[in-house]
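Reviewing the structure listed below.
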Amino acid sequence: MLPWRRNRRTSPTLDPVTQATAWQVVSLLLDYPDETLVERLPMLTDVVGGLPDDLRMPLGRFLAHVTDAGLEELQRDYVDTFDVTRRCCLHLTYFLHGDTRNRGAALVQIKQSFRRHGVDFTDDDAELPDHLSVVLEFGATVDAPTAWKLLNDHRVGIELLRRALSERGSAWLDVVDALRATLPVLAGDDEEALARLIAEGPPEELVGLSTELNAPYAIDPGLDDLRQPPSASTGPVPVTIGARR
């Protein structure tokens, strides 16, 4: 157990179907927005309408925003929010390990966890296995306990992501708030770990990177090869794990 988890509940409170539904919706909404998202809006609106209020209300607001903003504006905002600012990084291991060798080891461990359940990642996959969309989709469609453990191991990082989105006034704050509603609240040692992360940022032992990237919360170098939009998918929820941009 990580040291800051002693005061946190360790099992979900939502029923499995509600949790899986919420995680799948959040997974889709935290992915790069494309035409497929627009096509799915009626279906997603219908699904979200059947969720509990603490999930339905924030997700409903975000879906309304998608409709009002239009796809091009949404894509620009997504890149500006998640691909440029480290504090809004969607890769869970970054918050705990930063740009250190430990992050590589953590990614290998996640890949191994997924592989044990028949999901294999290769160097050709469009997204890293610690991306929130991937972890949530895995939890919704393959193995919830494994995803639950990953999300809780990185719960403090999710809280930092939430605070960064709040400071930006980002529309994706509602999506992360919905995710938080499925997870334990922070308590005790969690708050101390969050305060340290806010004050110090993630570890900065850079591996083979330019020194100009050494400042906290600059462009996340782990995303450099992940700039292309995702391939279109017209199939129903769930979508294929790893079929990301």
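Only one residue in Thr182, Thr234, Thr141 is hydroxyl-bearing (Ser, Thr, Tyr), at pLDDT below 55 and farther than 17 Å from Thr93 by Cβ, so which one is that? First the steps, then the outcome.
Working: Thr182 fails: at pLDDT below 55; Thr141 fails: at pLDDT below 55.
Thr234 is the lone residue from the list that is hydroxyl-bearing (Ser, Thr, Tyr), at pLDDT below 55 and farther than 17 Å from Thr93 by Cβ.
Which of the residues belonging to the stretch 131-143 are out of contact with any Phe, Trp or Tyr (no Cβ under 8 Å at 6 or more places or on another chain) and of a type in the set (Asp, Glu)?
Listed by number, the list holds a single entry, Asp143.
Need a quick list: helices (runs of 4 or more DSSP H) entirely within the stretch 25-102 having at least 2 residues that are among the charged types (D, E, K, R). Spell out how you get there, then give the answer.
On the way: elements: 35-48, 53-69, 71-78, 92-97.
Answer list for the stretch 25-102: 35-48, 53-69, 71-78.
For the stretch 173-187, give me each residue that is over 16 Å from Gln24 (Cβ atoms) and among the aliphatic types (A, V, I, L, M).
Keep residues of the stretch 173-187 that are over 16 Å from Gln24 (Cβ atoms), which gives 173-174, 177, 180, 184-187.
Hits for the stretch 173-187 are Leu173, Val185, Leu186, Ala187.
Are there any pairs, at least 6 apart or on different chains, whose C-beta atoms fall under 7 Å, with the first in the stretch 75-88 and closer than 15 Å to Glu167 by Cα and in contact (Cβ under 8 Å) with a residue 24 or more places away in the chain and the second assigned to a helix (DSSP H, G or I) and among the basic types (Lys, Arg), and if so, which?
Thr81/Arg168
Report whether or not Thr18 is of a type outside the set (D, E, K, R), over 22 Å from Asp130 (Cα atoms) and exposed (fewer than 13 other Cβ atoms within 10 Å of the Cβ). It would help to see each step written out before you state the result.
Details: of a type outside the set (D, E, K, R): yes; over 22 Å from Asp130 (Cα atoms): yes; exposed (fewer than 13 other Cβ atoms within 10 Å of the Cβ): no.
So Thr18 fails the test.
Scan the stretch 32-54 and report the pairs whose first residue is more than 13 Å from Thr67 (Cα to Cα) and whose second residue is among the charged types (D, E, K, R) and in a helix (DSSP H, G or I), with Cβ atoms within less than 7 Å and a gap of 6+ or a chain change.
Qualifying pairs under 7 Å: Val48/Arg56; Gly49/Arg56.
Kindly provide the set of residues from the stretch 139-149 that are in contact with a Gly (Cβ under 9 Å, 6 or more places away or on another chain) and crowded, with 23+ Cβ neighbours inside 10 Å, ordered by number.
Residue satisfying the conditions is Ala147 alone.
Test Leu63 against the stated conditions and say whether it is more than 13 Å from Trp172 (Cβ to Cβ) and either in contact (Cβ under 8 Å) with a residue 12 or more places away in the chain or touching a Lys or Arg at 6+ places or on another chain (Cβ under 6 Å) (or both). Full working, then the answer.
Working: more than 13 Å from Trp172 (Cβ to Cβ): no; either in contact (Cβ under 8 Å) with a residue 12 or more places away in the chain or touching a Lys or Arg at 6+ places or on another chain (Cβ under 6 Å) (or both): yes.
When the stated conditions are applied, Leu63 does not pass them.
The values are calculated or read from the model by the stated rules, or taken from the named source; none is laboratory data. Everything quoted here is computed from the prediction, not taken from an experiment. Note that each Cβ is placed from the backbone with ideal geometry, even for glycine, and that neighbours are counted across all protein chains shown.
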